[in-house]
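What follows is a short report on a single structure.
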Amino acid sequence: MNTKEKIRHEALTLFSTKGYDSISVRDIARAVGIKESSLYNHFKNKQDIFDDILREYATRGEEFFNQMNVTGEDKKFVVDDRTVDMYKNMSNEAFELMCAPIFEFYFVDEINVKLRRMLTMEQYRSPEIAKIYRDVSFNESLEFQSHLFHALIASGNFIECDPYALALAFFSPIFLIFYKFDNDAASLDEARSLFLRHVRHFNTVYGKKPEDA
């Protein structure tokens, strides 16, 4: 980890626990173990550090969804034949395996946990940050999932229902688990078990199996 990465890392830790306004450039430099003047060799000011963290958040999200095979070349969510085929006729076990990385990304990844906490606090400081928080945490996922469910319903792989309501039914318990177990590392296994129990139940209730056709 180079000096710029250390600055970003320590700033994220401080912003996610004490809030942006409570932290100074001097606090960040002290946490990194460098002089305050040295920090300015890498960033113009505290806002520049914060903006760099936000760019990192977007980049990590793009990389994750690329790995999940749900984004196209333009990095936007897509629902095509490839995506539908990936979800078709999934067993509960296969559905759990596919959803498991979502838990690890949002619950276990230290950087993403801190980023979520930081944005949760800072959304009240700026309308722009609030929009980023809503888009990344809720809107983009619900938009993609509703398009996906629309395609899966049309292809006969999910029961007939409102696709956006179905997306809400999928994500709402996940969001609740996020907040129920946030900042409770000792209960991580319980959170993971509850998460997998939810996705298994969801696929059982809403997904059509070949014998249902």
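The values are calculated or read from the model by the stated rules, or taken from the named source; none is laboratory data. Note that the structure is predicted; figures quoted are calculated from it, not measured. Don't worry about glycine lacking a Cβ; one is built from the backbone with ideal geometry, like all the others, and counts go over all protein chains shown.
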What number goes with the only condition from (1) acidic (Asp, Glu); (2) more than 24 Å from VAL136 (Cβ to Cβ); (3) at pLDDT below 90; (4) surrounded by 13 or more Cβ atoms within 10 Å (Cβ to Cβ) that GLU93 does not pass?
(4)
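Would you confirm, using the coordinates I've provided, whether TYR106 is at pLDDT 80 or above and either surrounded by 13 or more Cβ atoms within 10 Å (Cβ to Cβ) or more than 19 Å from HIS201 (Cβ to Cβ) (or both)?
On the way: at pLDDT 80 or above: yes; either surrounded by 13 or more Cβ atoms within 10 Å (Cβ to Cβ) or more than 19 Å from HIS201 (Cβ to Cβ) (or both): yes.
Here the answer is yes, as TYR106 does meet what is asked.
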Name the single residue, out of those in the stretch 162-190 being exposed (fewer than 13 other Cβ atoms within 10 Å of the Cβ) and of a type in the set (Asp, Glu), that is nearest to ARG200 (Cα to Cα).
ASP189
So which pairs qualify, if the first residue must be in the stretch 9-32 and more than 17 Å from GLU110 (Cα to Cα) and touching a residue at least 60 places away in the same chain (Cβ under 8 Å), the second must be in a helix (DSSP H, G or I) and among the charged types (D, E, K, R), the Cβ gap must be under 7 Å, and the two must be at least 6 apart or on different chains?
TYR20/GLU122
Going residue by residue through the stretch 167-183, is there one that turns out to be charged (D, E, K, R), closer than 21 Å to VAL108 by Cβ, modelled with pLDDT under 85 and touching a helix residue (DSSP H, G or I) at 6+ places or on another chain (Cβ under 8 Å)?
yes
Which condition does GLY207 not pass, out of (1) surrounded by 18 or more Cβ atoms within 10 Å (Cβ to Cβ); (2) under 23 Å from GLU63 (Cβ atoms), if it passes all the others?
(2)
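I'd like the full set of residues that are in contact with a helix residue (DSSP H, G or I) (Cβ under 7 Å, 6 or more places away or on another chain) and assigned to a helix (DSSP H, G or I), limited to the stretch 138-155. Steps first, please.
Of the residues in the stretch 138-155, the ones in contact with a helix residue (DSSP H, G or I) (Cβ under 7 Å, 6 or more places away or on another chain) are 141-142, 145-146, 148-153, 155.
Answer for the stretch 138-155, where residues must be in contact with a helix residue (DSSP H, G or I) (Cβ under 7 Å, 6 or more places away or on another chain) and assigned to a helix (DSSP H, G or I): SER141, LEU142, GLN145, SER146, LEU148, PHE149, HIS150, ALA151, LEU152, ILE153.
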List, please: which pairs have Cβ atoms under 6 Å, are six or more places apart or on different chains, and start with a residue in the stretch 77-93 that is more than 12 Å from LEU148 (Cβ to Cβ) and among the polar types (S, T, N, Q) and end with one that is modelled with pLDDT of 70 or more and assigned to a helix (DSSP H, G or I)?
ASN92/ARG200; ASN92/ASN203
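Test SER37 against the stated conditions and say whether it is assigned to a helix (DSSP H, G or I), farther than 24 Å from TYR124 by Cβ and of a type in the set (S, T, N, Q).
yes
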